[in-house]
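Right, one structure below, let's go through it.
The values are calculated or read from the model by the stated rules, or taken from the named source; none is laboratory data. Only a predicted model underlies this, so the values are computations on that prediction, with no experimental measurement involved. Ideal geometry is used to build each Cβ from the backbone, glycine not excepted, and the neighbour counts take in all protein chains shown.
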Amino acid sequence: MTLTTQFVTMLSMIGMGSLFGAMFDTYQRFLKRPKRKQWIVFFNDLLFWVIQALIIFYTLFLVNKGEIRFYIFLALICGFATYQSLFKGIYLRLLEWLIQTVIVIYRFIKKALRLLIFKPIVGLVQLLTVIIVALGRGLWALVQFVLRVLKFIVNTGLTILKKILWIFWRLLPKGLKKSVEKLYNRIAGNFKKITNFFTKWINKWKKRKE
C-alpha cells in the first residue's frame, strides 16, 4: 500500500467516523427507545450496526481494496470523536430544523389537499345529495297530487254513476227489479263462498307452516 493510499484511507476513515456519529444521532432521534418494545429496539440496533459495518467496509474497499490495518480503527475513533466535540451540536440543530421543516411542509400540503380537493368533493357530494332528496320529495309530492286528482275524478265519476244507476233503478219495472235483486244476491252469495274457501285454505296453510 502506497503512502498516498494510506493517507486517503486515513482521511476516508476519519470521514466515515464522523458520518457514523451523525447517522447514530439521526438513528437515535427517530428510534425513540423509551416508546419502543425491547425486541424492536434490539432488531433495529442489530440492523443499524450491520448497515454501518457494510458501509464502512465498502468505503474501505473502494479506497484500498479492503485492506484492514490497525490505524483504520484509530481513524474511525478519531473521526467519531471529532464529530462529537465539534459538529454534534450543529448537526443536531440542523437535523431538528430539517425535521420541523418537513413537518410544516407536510401539514401545509395536507391542508392544501383538504381545502382544494377533499372539501370540494365533500361539498359536491352534499350538494348532489340535497338535489336528489329535493327531486325525490318533489316527485313524491307530484305523485301524491296526481293520485288525489285521480281519486277526486274517480269519486266524482262513481257518485254520478250511482245517481244515474239509482234513477235508472227507479225507472225499472218491479218484476225486473226482483230478477236483478235475485241475480245480485246469488252473485254476492257465490262471491262470499269463494272468499270463505280461500280464507279457510290460507289459515290451514299457515297452521301447517307453524
**Message:** Let me confirm something: among Gly89, Gly79, which residue is more than 46 Å from the chain's Cα centre (by Cα), at pLDDT 85 or above and of a type in the set (Gly, Ala, Ser)?
**Reply:** Gly79
**Request:** Considering every residue within segment 101-112, establish whether at least one is part of a helix (DSSP H, G or I), in contact (Cβ under 8 Å) with a residue 40 or more places away in the chain and closer than 22 Å to Asp25 by Cβ.
**Result:** no
**Request:** Could you check Thr101 against (1) touching an Asp or Glu at 6+ places or on another chain (Cβ under 9 Å); (2) more than 13 Å from Ala22 (Cβ to Cβ) and say which number it fails?
**Result:** (1)
**Prompt:** When segment 61-85 is examined, which residues are found to be closer than 12 Å to Gly17 by Cβ and among the hydrophobic types (A, V, I, L, M, F, W, C)?
**Reply:** Ile72, Phe73, Leu74, Ala75, Leu76, Ile77, Cys78, Phe80, Ala81
**Request:** Evaluate the following for Val8: is it closer than 22 Å to Ile77 by Cβ and surrounded by fewer than 11 Cβ atoms within 10 Å (Cβ to Cβ)?
**Result:** no
**Item:** Candidate set from segment 51-100 (those that are assigned to a helix (DSSP H, G or I) and among the small types (Gly, Ala, Ser)); member that is farthest from Tyr27 (Cα to Cα)
**Value:** Ala75
**Request:** Quick one: count up the residues across segment 36-48 that are exposed (fewer than 12 other Cβ atoms within 10 Å of the Cβ) and within 29 Å of Met10 (Cα to Cα).
**Result:** 2
**Request:** Collect the residues in segment 19-35 that are within 32 Å of the chain's Cα centre (by Cα) and surrounded by 15 or more Cβ atoms within 10 Å (Cβ to Cβ), keeping them in residue-number order.
**Result:** Leu31
**Prompt:** Restricting attention to segment 2-55, which residues are touching a helix residue (DSSP H, G or I) at 6+ places or on another chain (Cβ under 6 Å) and more than 26 Å from Glu96 (Cβ to Cβ)?
**Reply:** Thr5, Val8, Thr9, Met10, Ser12, Met13
